[in-house]
Amino acid sequence: MFKNKAISLRVPGLKRLLSYQRAWLRGDVLAGVTVAAYLIPQCMAYGELAGVKPVVGLWAIIPPMVIYTLFGSSPQLSVGPESTTAVMTAAAIAPLVATNDTNYPILASLLALMVGIVCIIGYIARLGFLADLLSKPILIGYMAGVAVIMITGQLGKIGGINIEAKTVFGQVREFLSKLDQIHLPTLILAVLVLIFLFFIQNRFRNAPGPLLAVLLATAAVTLFHLDDWGVAVVGQIPAGLPHFALPKVSVDKLLPLIASAIGIAIVGYSDNVLTARAFATRNHYKIDANQELLALGTSNLGNGLMQGFPISSSGSRTVIGDSLGSKTQMFSLIALVVVVWVLLFLRPLLAQFPKAALGAIVIYAATKLIEIREFLRLGKFRRSELLLALITTLGVLLTDILVGVAVAVGLSVIDLFARVARPHDAVLGEVPDLPGLHDIEDWEGAKTIPGLVIYRYDAPLCFANVEHFKRRALEAIEAEITPVEWFVLNTEAIVEVDITAIDTIAELQSELATRDITFAMTRVKQDLYLQLKRSGLLQKIGSEHIYLTIHTAIAGFAARDRHSHNRVKGEE
């Protein structure tokens, strides 16, 4: 029993396959065949984008489809070659190949192996939460930057010219300087493929547009002998399927790839888990973020050992599968059968695929990554969010793409710390004709209870914000016209404190005591109460000044007021 439970936790896909329902088969078959038709030209294009032969893009789909089916927690996610990890792979390996004659495919396989190891280490350490460091604005900006890199990287292919520049702006500048060298038949073919893809997207959203486009482009090459006119084609495809091969390189070539592997793992996993979450929310099921690390890690390990390159999930293929009724990863296994069949029997057709068409498919996919509406939505919501997205985009474009990953993560962390360090706060008071207590800044006519300041700080207290908290608390006291007798800290948003915060609260309590102001706390959660007790601060404040609700704190203040009044009257 325990053994079966452990297996189902680590291999959730196997459990789903063993409990497969016949009613799911029609949707899975339709989704699998259509996704295969879509991914064949797409993955060939991504193979070329990654810097390897187009057929390697198809090889790189085979291990992930099997492995993710078993280890993945999402029944709908399509895992395999995709644009972001492909372009990051090229960015990581190109400098190494430029400085020596290392075998590019071996380095690509090695990088996949290393990405897999990074993800599995993350799974063992339960680091799935790290994906949350990439906030929505950062992801929007990052993907837009990657999309521009993808587009400029294809300018040479669609123009039929050789572009040697490696940077975005260098590629654009070189392309414009060589306009007179453009190969017109190649450019016309690429433009026609792009027009066709956008037309299909607008009119027939579920149709395998990339497959139809490449088939038509291949037919044009055959009928009009465009290859004789100088239109480049994929060329001869190696017979058979990928085989096991352990990438072997020296340690000095291994070390430069470590940072790249970590960057690709972070971005690939973030894309993977965010896409999985989106479809889980849409279709009312749950995914395991940490299990996705294991699934992505083992999938990349499989690719590293089978002549592939780093992969992640494909949002476009997942959308197609979902729209056609995919219910389980059976659709991936069906797509795998179609891919293997094509590799075994349709290699001559693949060989005639024009590279300009593959470049057009990459550009088409890149346009989907630039979410103009999301940029506009960020601007309407909060300008700082839009600024984060734009800075991330520029960071990706102006630096190496892996540096862009670090910029994106760094900006996310800075944004997080900025919110924690300077959170919203409020002084609570009474509003005429409105029950309860409210932020006096939000309501006209709101007034505090004379002699009492009820102050709310909307974040956990830690070293990063405790000085800000103390300053704001003292400012709230100074802003009162009536002399303050009690200061009550509303801790409903303070779920925990660190030792720096404990010491600063103690300092504040002592400072207020010298001014004859009583320090009290309300809405103290049990965890916070235990922290106050362990630190000794509870004894300093006095347990009689800890209240469960705001109303009991106000009652305590009123009772204290009456007690003082009675004591003074008795002395008279």
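Looking across LEU107, LEU113, one residue alone is assigned to a helix (DSSP H, G or I) and modelled with pLDDT of 95 or more. It is LEU113. A single entry from VAL407, VAL420 fulfils the requirement of being touching a Ser or Thr at 6+ places or on another chain (Cβ under 7 Å) and without any contact (Cβ under 8 Å) to a residue 60 or more places away in the chain: VAL407. Of the residues making up region 318-328, at least one is more than 20 Å from ALA90 (Cβ to Cβ), under 18 Å from the mean Cα position of the chain (by Cα) and assigned by TED's automatic domain parsing to the domain that holds ALA92. Residues in region 249-267 that are small (Gly, Ala, Ser) and in contact (Cβ under 8 Å) with a residue 24 or more places away in the chain: ALA259, SER260, ALA261, GLY263, ALA265.
Applying the criterion of at least 3 residues that are surrounded by fewer than 24 Cβ atoms within 10 Å (Cβ to Cβ) to the helices (runs of 4 or more DSSP H) found wholly in region 1-94 leaves 2-10, 12-18, 25-50, 62-71.
If you check ALA144 against the conditions, is it farther than 27 Å from ALA418 by Cβ, touching a Ser or Thr at 6+ places or on another chain (Cβ under 9 Å), crowded, with 21+ Cβ neighbours inside 10 Å and not hydroxyl-bearing (Ser, Thr, Tyr)? No; evaluated as a whole, the condition is false for this residue. Checked against (1) at pLDDT below 90; (2) over 30 Å from LEU301 (Cα atoms); (3) not β-branched (Val, Ile, Thr), PRO210 meets all criteria but (2).
Residue-wise test of (1) outside the structural domain of THR152 (by TED's automatic domain parsing); (2) touching a Leu at 6+ places or on another chain (Cβ under 7 Å); (3) farther than 16 Å from TRP341 by Cα; (4) not hydroxyl-bearing (Ser, Thr, Tyr).
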{"site": "LEU30", "(1), (2), (3), (4)": "no, yes, yes, yes"}
{"site": "THR34", "(1), (2), (3), (4)": "no, yes, no, no"}
{"site": "PRO41", "(1), (2), (3), (4)": "no, yes, no, yes"}
{"site": "LEU49", "(1), (2), (3), (4)": "no, no, yes, yes"}
{"site": "MET65", "(1), (2), (3), (4)": "no, yes, no, yes"}
{"site": "THR85", "(1), (2), (3), (4)": "no, no, yes, no"}
{"site": "MET88", "(1), (2), (3), (4)": "no, yes, yes, yes"}
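Each residue in region 498-534 was checked for being in contact with a Ser or Thr (Cβ under 8 Å, 6 or more places away or on another chain) and either under 22 Å from THR552 (Cβ atoms) or surrounded by fewer than 13 Cβ atoms within 10 Å (Cβ to Cβ) (or both), and 8 of them qualify. Could you say whether any residue in region 257-267 is at pLDDT 85 or above and of a type in the set (S, T, N, Q)? Checking region 257-267: at least one residue is at pLDDT 85 or above and of a type in the set (S, T, N, Q).
Just to be sure before I move on: is GLY122 touching a helix residue (DSSP H, G or I) at 6+ places or on another chain (Cβ under 7 Å), without any contact (Cβ under 8 Å) to a residue 60 or more places away in the chain, of a type in the set (Gly, Ala, Ser) and buried (at least 21 other Cβ atoms within 10 Å of the Cβ) in the structure I sent? The answer is no for GLY122.
Restricting attention to region 350-386, the residues being surrounded by 14 or more Cβ atoms within 10 Å (Cβ to Cβ), of a type in the set (A, V, I, L, M, F, W, C) and more than 20 Å from VAL52 (Cβ to Cβ) number 5. Cβ-Cβ distances below 8 Å connect the following pairs, each with a first residue in region 161-173 that is without any contact (Cβ under 8 Å) to a residue 60 or more places away in the chain, a second residue that is charged (D, E, K, R) and part of a loop (DSSP other than H, G, I, E, B), and a separation of six or more residues or different chains: ILE161/LYS178; ILE163/LYS178. Out of LEU305, LEU343, report the one residue that is more than 14 Å from VAL214 (Cβ to Cβ), modelled with pLDDT of 85 or more, surrounded by fewer than 21 Cβ atoms within 10 Å (Cβ to Cβ) and not acidic (Asp, Glu). That would be LEU305, the only listed residue that is more than 14 Å from VAL214 (Cβ to Cβ), modelled with pLDDT of 85 or more, surrounded by fewer than 21 Cβ atoms within 10 Å (Cβ to Cβ) and not acidic (Asp, Glu). Quick one: VAL403 ticks every box in (1) within 30 Å of ASP228 (Cβ to Cβ); (2) at pLDDT below 85 bar one, so which box is it? Only one criterion is unmet by VAL403, namely (1). What do you reckon, is ALA147 assigned by TED's automatic domain parsing to the domain that holds LYS248, without any contact (Cβ under 8 Å) to a residue 12 or more places away in the chain and farther than 28 Å from ASP228 by Cα? Answer is no for this residue.
Those helices (runs of 4 or more DSSP H) of region 325-376 in which at least 2 residues are in contact (Cβ under 8 Å) with a residue 12 or more places away in the chain and hydroxyl-bearing (Ser, Thr, Tyr), considering only elements entirely within it, cover 355-369.
Taking region 268-304 as the range and being touching a residue at least 12 places away in the same chain (Cβ under 8 Å) and of a type in the set (Ser, Thr, Tyr) as the test, the residues that pass are TYR269, SER270, THR275, TYR285, THR298, SER299. Of all the listed residues (LYS157, LYS136), the sole one being of a type in the set (Lys, Arg), at pLDDT below 90 and surrounded by 24 or more Cβ atoms within 10 Å (Cβ to Cβ) is LYS157. Listed conditions (1) surrounded by 22 or more Cβ atoms within 10 Å (Cβ to Cβ); (2) without any contact (Cβ under 8 Å) to a residue 60 or more places away in the chain; (3) not β-branched (Val, Ile, Thr) are all met by ASN103, apart from (1).
The values are calculated or read from the model by the stated rules, or taken from the named source; none is laboratory data. Please read all numbers here as calculations on a predicted model, not as lab measurements. Methodologically, a virtual Cβ is constructed for each residue, glycine included, from the backbone with ideal geometry; neighbour enumeration extends over all protein chains shown.
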